[in-house]
1. Which three numbers, in whole Å and largest first, are the semi-axes of the equivalent ellipsoid of the range 1-54 derived from its Cα gyration tensor as √(5λ)?
2. What residues qualify as long-range amide H neighbours of Ile2, i.e. H under 5 Å apart, gap of 5 or more or another chain, H built at 1.01 Å from N?
3. Which ³J(HN,Hα) values in Hz, rounded to whole numbers, follow from the phi angles of the range 295-305 under the Karplus curve 6.51 cos²θ - 1.76 cosθ + 1.60, where θ = phi - 60° and Gly and Pro get x?
4. Kindly work out what percent of the DSSP beta bridges joining two residues of the chain are antiparallel, to the nearest 5.
5. Tell me the per residue accessible area of the range 1-66 using a 1.4 Å probe; a whole number in Å² is fine.
6. Under 5 Å between amide hydrogens, which residues at least 5 positions from Val71 or on another chain qualify, with H placed 1.01 Å from N in the peptide plane?
7. Any chance you could look up the accessible area of Glu16 with a 1.4 Å probe, heavy atoms only, rounded to 10 Å²?
8. Based only on the alpha carbon positions, what is the Kirkwood hydrodynamic radius of the range 69-217, in angstrom?
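The values are calculated or read from the model by the stated rules, or taken from the named source; none is laboratory data. Worth saying up front: this structure is predicted, and the values here are computed from it rather than measured. Note: areas computed on protein heavy atoms with side chains; ligands, DNA, RNA excluded. Shrake-Rupley method; radii C 1.70, N 1.55, O 1.52, S 1.80 Å.
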Amino acid sequence: MISVGIVGGTGYTGVELLRLLLRHPNAEVKVLTSRTENGRRVDDMFPSLRGHTDLCYSDLNIDALKQCDVVFFATPHGVAMKHAEELVAANTKVIDLAADFRLQDLAQFEKWYGMQHACPELLKDSVYGLSELNRDKIKQANVIGNPGCYPTTVQLGLAPVLKSSDALVKPESIIIDAKSGVSGAGRKASLGMIYSENSDNFKAYGVAGHRHHPEIVEALENISGQKGVFEHILFVPHLVPMIRGMLSTIYIDLTEAGQQADLQALYEQFYANEQFVDVMPAGSSPETRSVRGANELRIALYKPQPTKLVILVAQDNLVKGAAGQAVQNMNLMFGCAEHAGLQNIALLP
């Protein structure tokens with residue numbers, strides 16, 4: 001049985017991790033921390049967990065965390081890197097759901113997150129945790145940087161055409177028009193997140209620059225093996241008045257080879273053995289409600305013009321975009337079935 005610690009158990013991703021792990025056949029949550037709720041029963045704060053756990057929140061105690069096989073950090077940026085070295089030295093694996101281990105470029109990290117990295121040497125040995133694309137490295141990793149929710153949709157949406165031996169798309173033409181439910185901003189008191197500000201409303205944010213842009217650029221460079229061609233892609237996120245869900249629409253110009261290729265077949269073959277990526281039939285349109293609560297990502301392709309490709313990608317931002325993917329990574333790291341604890345069917349309606 002894998003013993004698990006979760007640092008930051010009161011946020012949306014933290015409680016989503018707990019929900020998934022409580023049903024995991026090979027894992028047991030031993031430590032659940034909160035700075036503000038020390039001693040409080042988890043099911044007192046989250047009644048949905050009544051009858052499923054008797055855990056109480058505790059203060060962060062590094063010695064208690066060292067007794068765990070793996071520690072998830074569902075915390076703000078900058079927390080995991082303060083403790084990761086000590087945990088790894090104690091043979092405890094680390095999965096960070098924030099940005100501490102996502103970017104290998106330290107200058108970009110410091111620019112976008114406004115802090116120096118506390119353990120740059122450990123960062124070099126960390127693995128970017130997009131399970132479908134880095135599976136072999138994840139299996140050997142001690143530290144995982146769980147991808148951002150938007151970058152997950154972009155990478156899985158683009159990987160088949162970027163990994164093709166033929167130049168199918170023009171990288172400089174990529175436009176990512178992405179939308180997320182409000183839970184993507186975290187569980188916090190903020191004027192911009194309250195009901196009267198979000199209900200019956202739709203808005204773009206981070207248009208001048210968003211922290212996920214450098215992550216997307218670095219990841220697409222790694223996927224394609226091409227450097228310096230993705231800096232000018234456009235990425236614009238939007239906030240929609242729903243709790244969960246994410247839909248990214250990706251627009252690309254096709255090369256002559258791309259215009260001739262059977263892209264539907266390319267995607268179906270690329271993801272044929274991936275149980276959490278669903279390439280939908282031609283003419284389909286994935287909906288966010290079709291993945292609500294599930295660790296699934298759905299993709300559909302359109303060619304509205306011979307030279308254009310439109311890729312639609314839907315996921316639950318808290319599951320495949322965060323906690324579910326983190327559990328998927330844990331399964332790989334510990335040799336469990338990759339789907340363990342992740343077989344929830346989406347909730348509809």
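1. Values for the range 1-54, descending: 17, 13, 10 Å.
2. Correct list: Ala27, Glu28.
3. Using θ = phi - 60°, the values come out as 8, 10, 10, 10, 10, 9, 10, 9, 10, x, 9 Hz.
4. So the antiparallel bridges amount to about 45 percent of the total.
5. 50
6. Amide H to amide H, under 5 Å and 5 or more residues apart or across chains, Val71 pairs with Gly5, Lys93, Val94, Ile95.
7. Taking all protein chains as shown, Glu16 has close to 10 Å².
8. 17.2
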